[in-house]
């Protein structure tokens, strides 16, 4: 099982360094482009973390925006307690802690949401996770210390290219390694056929819990990064449609293909921006695309993993051939 | 005491609307074994068809609501049946032998298409639904007011439920439906045309959703293209609570959701209204996944 991402920690380190370098020039980037770039990063984190749950582990979840909301709100609350000024060393030094708080809290809820997956499968699970997402949203709406329906205001703006894209690198690195490990084989086994997997000695409950906890953890971090970028969050930003958007990225990218999911996240974040002039048709095109993909290429635009690696190999081979000639 | 009675009447009225939609979910699930996510949006289209047809139909019958109301409902049922059958033919039929997840995602796609297409066609802003139920006060005391609205809703629902029962249990097509839901292969070997039966199921389900839409919009007259999401989800929850695939269960589940929701709104807080259905769903799925009236199916290895 290949994930389509070269297993290289050098690539990871290089990516972190590049994102750090870009941070120094980010003030000169057009604010609109900068915002799109940050959203691309956040969506890559969301989509690749969801691909672990929906794709590799085969536990179709429609509640990812709920985890994102928990991460966003937890981190916003934590930073309202500990961060006093947005500038300076203190905020930056505390930020990993803040991100972690969002991730850990989301992960705990991930375990909670993962629990029904022992008894509930397929489309029932989809509707259960959707229900959890909605409950999370409604409960936040009723919590006054989180601002209720009015939203949570004046969150310090700490997220920048470095924080977002080094997290992207970390998430993609971690998930593609999980997928390649024996854990990944286990996920694949329960997604293919749970009963056979159990018969082979795989503790499917443990694997499902791990998938939900890990996926939710990264979604929580994405939420935290988002909250500390937009500085204002309210429950309606984390509705059902948000979850669907992330699911679409995973489906378009290919359920078992992290490289595809990353590309899909990039394209599907930029595409709506490019389609701004015809904004009202955007979601119609989106939904039609989903139906057409399912009818024609249910394995996603980027195909099955194998097809994608074949294509990559051919591409590399063609470069190699040119090099020789 | 009379406040309680008031809440119960409102709850049963809302619950019977959920029940009508839930029946569509449950029948389609019974036959195709997948959640027709777009069902809630067929409901939404039903409301808009009613909205646009009322000003055309009412003058034709001289403004008589007693005659015009049912005609609006029937018009809406016809249009939605057509819509339901078209969705099934174009989107679900080609995928019938594919993994269930593929169909589920397609259904989500169709649902989004109807929602955002609806925003394009009908406009995103809420519209005021015309009155088609004659308004009258039937009982009026100091604390209890019963208007004609809930009575008409409950009465119409009961009538439709009896008609559905008659169709499912006393016609040839109904028997075929039950046969197909029991076993596709065996039914087709007996000479039943599966495609026709499935189309017919979509006709029944979608027309019940349209009837529910006309009733719902008469009680809650603000309609918008996204109205089907929440109502649809709650009706689906109702179907699951009652035991999906079970007609009586869908009606029971609808009543449970409707009454609980009205009570939560009335006695606790209206802001928790949308969460309560999902709370019940999660509890039911953990405690008795097959639903209250459903029979569990063991998975064959």
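Taking the criterion of being under 10 Å from residue B:250 (Cα atoms), within 12 Å of the chain's Cα centre (by Cα) and crowded, with 23+ Cβ neighbours inside 10 Å, would at least one residue in the range B:26-37 satisfy it?
Yes, some residue in the range B:26-37 is under 10 Å from residue B:250 (Cα atoms), within 12 Å of the chain's Cα centre (by Cα) and crowded, with 23+ Cβ neighbours inside 10 Å.
Please report, ordered by residue number, the helices (runs of 4 or more DSSP H) entirely within the range A:162-277 with at least 3 residues that are touching a residue at least 60 places away in the same chain (Cβ under 8 Å).
A:182-192, A:204-230, A:240-253, A:258-274
Going residue by residue through the range B:247-256, is there one that turns out to be over 14 Å from residue B:44 (Cβ atoms), surrounded by 24 or more Cβ atoms within 10 Å (Cβ to Cβ) and within 14 Å of another protein chain (Cβ to nearest Cβ)?
yes
Among the helices (runs of 4 or more DSSP H) confined wholly to the range B:202-301, which include 1 or more residues that are within 26 Å of residue B:69 (Cα to Cα)?
Correct list: B:227-242, B:247-263.
Per-residue answers, yes or no, for (1) modelled with pLDDT of 80 or more; (2) touching a strand residue (DSSP E or B) at 6+ places or on another chain (Cβ under 6 Å); (3) within 12 Å of chain B (Cβ to nearest Cβ):
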position: A:232; (1), (2), (3): yes, no, no
position: A:241; (1), (2), (3): yes, no, yes
position: A:245; (1), (2), (3): yes, no, yes
position: A:265; (1), (2), (3): yes, no, no
position: A:283; (1), (2), (3): no, no, yes
position: A:288; (1), (2), (3): yes, no, yes
position: A:302; (1), (2), (3): no, no, no
position: A:307; (1), (2), (3): no, no, no
position: A:319; (1), (2), (3): no, no, no
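Could you list, in sequence order, all residues of the range B:88-105 that are modelled with pLDDT of 90 or more and either more than 10 Å from chain A (Cβ to nearest Cβ) or closer than 15 Å to residue B:29 by Cβ (or both)?
B:88, B:89, B:92, B:93
Can you say whether residue B:198 is more than 14 Å from chain A (Cβ to nearest Cβ), touching a strand residue (DSSP E or B) at 6+ places or on another chain (Cβ under 8 Å), within 28 Å of residue B:45 (Cα to Cα) and in a helix (DSSP H, G or I), as far as the supplied structure shows?
no
Name the residue, out of B:130, B:124, that is assigned to a loop (DSSP other than H, G, I, E, B), surrounded by 14 or more Cβ atoms within 10 Å (Cβ to Cβ) and out of contact with any strand residue (DSSP E or B) (no Cβ under 7 Å at 6 or more places or on another chain).
From the options B:130, B:124, the qualifying one is B:130.
Quick one: which of A:150, A:119 is within 14 Å of chain B (Cβ to nearest Cβ) and closer than 30 Å to residue B:34 by Cα?
Going through A:150, A:119 in turn, just one is within 14 Å of chain B (Cβ to nearest Cβ) and closer than 30 Å to residue B:34 by Cα: A:119.
For residue A:175, are the conditions met, namely being crowded, with 23+ Cβ neighbours inside 10 Å and more than 14 Å from chain B (Cβ to nearest Cβ)?
yes
Can you tell me which residue within the range B:142-156, out of those that are surrounded by fewer than 17 Cβ atoms within 10 Å (Cβ to Cβ) and part of a helix (DSSP H, G or I), is modelled with the lowest pLDDT?
My answer is B:148.
The values are calculated or read from the model by the stated rules, or taken from the named source; none is laboratory data. On a predicted model such as this, the values are computed, not experimentally measured, just so you know. Neighbour counts run over all protein chains shown; Cβ positions are idealised from the backbone, glycine included.
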